[in-house]
Amino acid sequence: MNGFAAEGIQLKKRYERGSETVRALDGVDIQLQEGTVTALAGPSGSGKSTLLNLIACLDSPSEGELWINGRNVANASERELTAIRRNTIGFIFQRFHLIPTLTAEENALLPTLFSRQKTDRKRVDETFERVGMSGKRNLPASQLNSGDRQRVAIARAVVNAPKILIADEPTGSLETSMRDVVGDLFKELAQDGIAVLAATHDLELADVCDQTLYLENGQLASKEESSLFKGEALATAAVDS
């Protein structure tokens, strides 16, 4: 490990589907530096969710090395992976996954129920202030709009001070006006030394990140090779001709 919060070396993930072998990832190298925001872009089926799940220690690679916070976890036991998920990684789900009958604060504090550390009330207060939810922390999640639910989801992901924050399509269910808010929050969290990785179809969100990685058919590609830009390139060529 060279000081990275996470590093994947030639990561491969295969699934057996009947008699067919699906290569979800096929030799991916990735480095997440502390204090940076990385976008992971690519079309549906390119391997983004698979890569997120590996780095979040929700799954294990078929081949390759995966270093998380200085430890190779490629062959770690489920018990070890659980501890890493609890102490090192925060995850923001695309659909929020809040419990509607709990308040915003109760939802955000759910990770602390599984932590062996005492809840840091000062950090909780600072987290709610940072995500702009101090005045709504006692409202049930069912009364929050989608933007506020995403703010609570972010608070929940960082309440235990993770080293790595992983977000799956963080603006996919939000109005366009929330894109800049989420991007700014990620930048603020990175200033605390957190490595942020966000899988997204939102290229405007990707533009404000420190780096953008493009996946195509389970492999890293250049921006020019990404199918996300093929239509744009064809349109430009048509205008030029």
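The values are calculated or read from the model by the stated rules, or taken from the named source; none is laboratory data. Predicted model, so just to flag it, every value in this text is computed and none were measured. A quick note on method: Cβ atoms are made from the backbone with ideal geometry, for glycine too, and the neighbour counts reach across all protein chains shown. Ligands, DNA and RNA are stripped out before the accessible areas are found, and what is left, the full protein with its side chains, is counted by its heavy atoms. Shrake-Rupley method; radii C 1.70, N 1.55, O 1.52, S 1.80 Å.
Summary of values
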item	result
Close pairs from region 102-119: first closer than 17 Å to Arg130 by Cβ and among the aliphatic types (A, V, I, L, M), partner open to solvent by 30 Å² or more (accessible area, probe 1.4 Å) and modelled with pLDDT of 85 or more, Cβ under 7 Å, at least 6 apart	Ala104/Lys136; Ala104/Arg137; Ala104/Leu139
Subset of region 199-212 [part of a strand (DSSP E or B) and either at pLDDT 95 or above or open to solvent by 30 Å² or more (accessible area, probe 1.4 Å) (or both)]	Gln211, Thr212
Arg23 being open to solvent by 50 Å² or more (accessible area, probe 1.4 Å), closer than 21 Å to Leu228 by Cβ, assigned to a strand (DSSP E or B) and not acidic (Asp, Glu)	yes
Residue that is farthest from the chain's Cα centre (by Cα) [pool: residues in region 76-111 that are of a type in the set (Phe, Trp, Tyr) and open to solvent by less than 60 Å² (accessible area, probe 1.4 Å)]	Phe96
Among (1) surrounded by 18 or more Cβ atoms within 10 Å (Cβ to Cβ); (2) touching a residue at least 24 places away in the same chain (Cβ under 8 Å) - the single one Val73 does not satisfy	(2)
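Residue-by-condition table, conditions (1) of a type in the set (Phe, Trp, Tyr); (2) open to solvent by less than 20 Å² (accessible area, probe 1.4 Å); (3) over 23 Å from Gly42 (Cα atoms); (4) outside any helix (DSSP H, G or I):
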site: Arg151; (1), (2), (3), (4): no, no, yes, no
site: Ile166; (1), (2), (3), (4): no, yes, no, yes
site: Arg179; (1), (2), (3), (4): no, no, no, no
site: Leu189; (1), (2), (3), (4): no, yes, yes, no
